1. Round to the nearest 0.05 the FRET efficiency obtained for R381 and K276 when R0 = 30 Å and r is the Cβ-Cβ distance.
2. Give the calculated FRET efficiency between Y391 and Y364 to the nearest 0.05, with a Förster radius of 25 Å applied to their Cβ-Cβ distance.
3. Using amide H atoms built in the peptide plane, which far-off residues or other-chain residues are under 5 Å from K342 H to H?
4. Rounded to the nearest whole Å², what accessible area per residue is found for the stretch 1-123 with the 1.4 Å probe?
5. For a Förster distance of 45 Å, can you work out the FRET efficiency between the beta-carbons of E405 and D22, rounded to the nearest 0.05?
6. Test of understanding: what is the full-extension gain from R50 to D352, defined as 0.36 nm times their sequence separation minus their Cα-Cα distance?
7. At a 1.4 Å probe, what is the % contribution of carbon and sulfur to the accessible area of the stretch 301-411?
8. Run through every distinct alpha carbon pair of the stretch 35-124 and return the Kirkwood hydrodynamic radius in angstroms, one decimal place.
Amino acid sequence: MEEFGKLEERVVLVGVQTDDHDNVEESLDELKELASTAGAVTVGRIIQNRESVHPGTYIGKGKIEEVRALVYAMDATGIICDDELSPAQLNNLERELDCKVMDRTLLILDIFAARAITSEGKIQVELAQLRYRSARLVGLRESLSRLGGGIGTRGPGEKKLETDRRLIRTRISALKQELSQVEKHRELIRSSRARGNMKTAAIVGYTNAGKSTLLNTLTGSEVLSEDKLFATLDPTTRLLNLKDGQQILLTDTVGFIHKLPHHLVEAFKSTLEEAKYADYIIHVVDSSNPQAEMQMHVVYETLKELGVMGKKIITLFNKQDVPGACVLRDFKSDYTLKVSAKTGEGLADLNDLLEKLLAEEQIYVERLFPYQEAGKIQLIREYGQLISEEYTEEGIAVKARVPKEIYARVV
């Protein structure tokens, strides 16, 4: 896919409504925002009501004529379909319309490619792109030589398509190996956290709900946060020191989205699984967004797909500083708070709630340690929370909270 921005892309959005419960207009609004994030200008939209998506061309023959006319009239460079197209649909639409044809998945992959910063993010995005492209080599009708082709890659008389397929298979295999090393490293980090009894909370939510802003405001970090879809892709973990001295690790995760491409869920599984292994889930909701209810549903469906079950969930109805922010309900969460990550409103309540939840996981200890048992106090410092210590003639008087797991070792 050509990079957006080098040549202004003028696109027409195309959607198919197959169910009365589908809100294709809202979905196309989001697609327009995605196109804008990628640098394209939306110049028109067309929706077709059908019982089902056309298996060969996505939309019916009459609608193709309508799309062709609109593309010509608006001097558009291509169309973006609101669903993932099959190779046949992509190929047939390109032939019928004689213009660039993209789908929602290709658009999201393009945004991810532009936003990936770390080596892990880049590996995951490239893997998702290659998996997507490998099934669509004929339909995409573009050179894939930039994926690693060049001198020494073509055998005598080998067709370009076969070369591209072989290159993609080889590259996918190499990327999988790189990703497995990254996953091993991530697993080591997780196990070291577990040994240290450090509790973690994963910040999840729909894209652009304010997750990175929340992390920045709470921990004083400087994670990129923009009013854009998928401003941050790479997971960032920061230590939050609570007011009572307790500590918790917060991990920002990639934003979820309606119709999140399967290729991305697969490629980003190691990143998204931060939520699976966290002790708590902090679900950030953009309460100023008219589609907030739908976005909450998408988040819970994605968490379910990832196997994130049985965690305590704190839902934050964010952006309370924005005019028109509504008060919602979330029956799937254990706690709900109204906050503004931008202004700090309600974050003191979140601090108090986290303190309470962490305290529930610990046992309060108040005892006098003889000096010969001073080593146990170091154990408390390392794994628990030392509230106070006082040196007396008989020993050290300690008040502390310790995790249930090590209580037996300090009493």
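1. My answer for the efficiency is 0.50.
2. 0.75
3. Under 5 Å from the amide H of K342: K319.
4. Heavy-atom accessible area per residue stands at 47 Å².
5. With a Förster radius of 45 Å, E is 0.40.
6. Stretched out fully, the R50 to D352 stretch lengthens by 103.6 nm.
7. Result for the stretch 301-411: 49 percent of the exposed heavy-atom area is carbon or sulfur.
8. Answer for the stretch 35-124: a Kirkwood hydrodynamic radius of 14.3 Å.
The values are calculated or read from the model by the stated rules, or taken from the named source; none is laboratory data. Quick caveat, the model's predicted, so the values are computed rather than measured. Note: ideal-geometry Cβ built from the backbone for every residue, glycine included; neighbour counts use all protein chains shown. Calculation scope for accessible area: heavy atoms of the full protein, side chains included, ligands and nucleic acids excluded. Shrake-Rupley method; radii C 1.70, N 1.55, O 1.52, S 1.80 Å.
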